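A.B. asks: Sharing a structure with you now.
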Amino acid sequence: MSMKIVSFKQDPKQSKFDQLFSIQEAKSVKAFHESLPNYKATPLQELKRLSSELGVKGIYVKDESYRFGLNAFKGLGGSYALAKVIANTLNISLDDVQQVKPNTFTFVTATDGNHGRGVAWAAQNLQQKAVVYMPKGSAQERLDNIRKLGATAEITDLNYDDTVRFAKEQADINGWTLVQDTAWPGYEEIPAWIMQGYMTLALEAVEALGDVKPTHIFLQAGVGAMAGALTGFFHDIYQTELPVITYVEPNQADCLFKTAEANDGKLHAVEGDLDSIMAGLCCGEVCTVGWEQIRQHGSHFVSCPDFIAADGMRVLGNPLPGDTPIISGESGAVTTGLVYNLLTKPEFITYKEQIGLSDNSVILCISTEGDTDKENYRRVVWEGAYPKQ
C-alpha cells in the first residue's frame, strides 16, 4: 500500500480539556515522576550527521527506550493514572498513595504491549493488582514481559478495539478499575490522566533543547493519546510559533488520517485485523480527548506502509559516524523513517513540500519504544524484512 498525506484545516474551537495540557500541569506531573524509583530523564539525541546528510538544519530524537527499564514511554502514563485513581478514590494526596494497603485495587487494561507493561509496572510498584488483555497476534515476548511484572495477562482472539471492549466488560463484571489509554464519551477522566503522564517526556525534550526551537514535530499515533497530549503541551509552550505537527500512522490502522480526511466533525474508525508491524499503533478508534487537541493544532496526517517504519529502524540503529545509535522498535522508528523518506526519495518531493521541509528545518521525533519485540527487530534490521516498495 502506498503512502498518503492529508493537510488539515484546524478547528480553533476550544475544548474543556485544554487546561489539562499546560506547562504548569506538565511541571506538576514531572515532579511526580521524579519521585518514583529509577526516574531519569531519557536522552534527546541530536543526529548532526544525519541532518547534514538529509539537508536540514537539525534532527533530534527523544529515546524512550531508557524509560524506567521498560523499553518504552508508556510507564509515564500508567504510573500517573494509577496514582491519581488511588488518591482520588481514597481522598488522599499523591504523596500518600504508596502507603495504601496492598491489593486494595485491581486495575485492568487492554494493550498492544507497552501500555499494559507500564500499567503492570506501576501496579507492582504500588503493590496493587493488574489484569492485562492483549489482541490477537501480540508477540509472546510482550506478553511474557507483562507477566514478569506480576500481572495476570493473556492474549485474546480479538482485535485491539474489541479487546478494549472486553477489558471494560471485565471491569464492570468484577468491580475492577479500567485504566485505558483511549477515551470515549463517558470515559475520559482516567485517559486524560494517562495523557498528562506523557507530558513529562515532552517537558524533558523542551528542557534539553534549550534555546533550540523545532520547526517540525512528527508524532506517531495509535488512538492519538500521546499525540494529543503532546500537541496540547507544545501549543501551550510555543503558542503562535507552534511548530508544524505531523501525525504518522500505519495505513492498516489510520483512524486519525481518516478522521482528518473526512473533516466532517465525526470520528472515523478502522475495522478488521489492523495488521501492521507497528503493533503499538494498530488501533482503529480515535481517543476523544486526544482528538480535541489534535483538531485545534494539528497540521498534517500521514498514512504509511510498513517499510517506512523498517527504514527508520535501520537508520536509527545503524547511524552515520559520529551520531549515537538508537535502538528503536517499529512504532518508535516510523517518524524518523518518514523524515528519511521525505528527504531522500524523489517520489515524495510533493509531500516534502506540502509539509514544508527545507534546509532550515529543525525536526523533533520521539522514539517511543526500543526493541520490545526483539525477534521482529532482528528480522527487520538484520535480515532486511519489509524492503522498500
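The values are calculated or read from the model by the stated rules, or taken from the named source; none is laboratory data. Computed from a predicted structure; not experimentally measured. As a convention, Cβ positions derive from the backbone with ideal geometry for all residues, glycine included, and neighbour counts pool all protein chains shown.
A.B. asks: Of the residues S65, S51, S15, S2, which is part of a loop (DSSP other than H, G, I, E, B) and within 21 Å of G332 (Cα to Cα)?
C.D. replies: Exactly one residue qualifies, and that residue is S2.
A.B. asks: Now a separate question. Can you tell me which residue among T344, T335, T350 is within 17 Å of the chain's Cα centre (by Cα), of a type in the set (V, I, T) and either over 16 Å from K62 (Cβ atoms) or surrounded by 22 or more Cβ atoms within 10 Å (Cβ to Cβ) (or both)?
C.D. replies: Criteria check complete, one pass: T335.
A.B. asks: How do the pairs read when you match residues in region 108-120 that are among the hydroxyl-bearing types (S, T, Y) with residues anywhere that are part of a helix (DSSP H, G or I), using Cβ under 7 Å and keeping only pairs 6 or more apart or on different chains?
C.D. replies: Between residues of region 108-120 that are among the hydroxyl-bearing types (S, T, Y) and residues that are part of a helix (DSSP H, G or I), the close pairs are T109/H115; T109/G116; T109/V119; T109/A167.
A.B. asks: Still on this structure: Please find, among G222, G228, G232, the residue that is at pLDDT below 95, assigned by TED's automatic domain parsing to the domain that holds E330, closer than 26 Å to C283 by Cα and in contact with a helix residue (DSSP H, G or I) (Cβ under 6 Å, 6 or more places away or on another chain).
C.D. replies: Going through G222, G228, G232 in turn, just one is at pLDDT below 95, assigned by TED's automatic domain parsing to the domain that holds E330, closer than 26 Å to C283 by Cα and in contact with a helix residue (DSSP H, G or I) (Cβ under 6 Å, 6 or more places away or on another chain): G222.
A.B. asks: Mind checking whether some residue in region 35-56 is buried (at least 23 other Cβ atoms within 10 Å of the Cβ), more than 21 Å from A221 (Cβ to Cβ) and either within 20 Å of the chain's Cα centre (by Cα) or modelled with pLDDT under 95 (or both)?
C.D. replies: Scanning region 35-56, I find no residue that is buried (at least 23 other Cβ atoms within 10 Å of the Cβ), more than 21 Å from A221 (Cβ to Cβ) and either within 20 Å of the chain's Cα centre (by Cα) or modelled with pLDDT under 95 (or both), so the answer is no.
A.B. asks: Assuming A309 fulfils every condition listed in (1) within 30 Å of P12 (Cα to Cα); (2) among the aliphatic types (A, V, I, L, M); (3) under 16 Å from the mean Cα position of the chain (by Cα) apart from one, which condition is it?
C.D. replies: (1)
A.B. asks: Could you check region 25-48 and list, in sequence order, the residues that are in a helix (DSSP H, G or I), free of Cβ contacts under 8 Å to residues at least 60 places away in the same chain and charged (D, E, K, R)?
C.D. replies: Residue satisfying the conditions is E34 alone.
A.B. asks: Quick check on region 210-260: of everything there that is in contact with a His (Cβ under 8 Å, 6 or more places away or on another chain) and of a type in the set (A, V, I, L, M), which residue is surrounded by the most Cβ atoms within 10 Å (Cβ to Cβ)?
C.D. replies: I245
A.B. asks: Between E169, E207, which is surrounded by fewer than 24 Cβ atoms within 10 Å (Cβ to Cβ) and within 23 Å of A229 (Cα to Cα)?
C.D. replies: E207
A.B. asks: Go through region 136-165 and count every residue that is surrounded by fewer than 17 Cβ atoms within 10 Å (Cβ to Cβ), touching a strand residue (DSSP E or B) at 6+ places or on another chain (Cβ under 7 Å) and either among the basic types (K, R) or part of a helix (DSSP H, G or I) (or both).
C.D. replies: Residues in region 136-165 being surrounded by fewer than 17 Cβ atoms within 10 Å (Cβ to Cβ), touching a strand residue (DSSP E or B) at 6+ places or on another chain (Cβ under 7 Å) and either among the basic types (K, R) or part of a helix (DSSP H, G or I) (or both): 2 in total.
A.B. asks: Quick check on my filter: what residues within region 216-272 are among the basic types (K, R) and in contact (Cβ under 8 Å) with a residue 12 or more places away in the chain?
C.D. replies: K258
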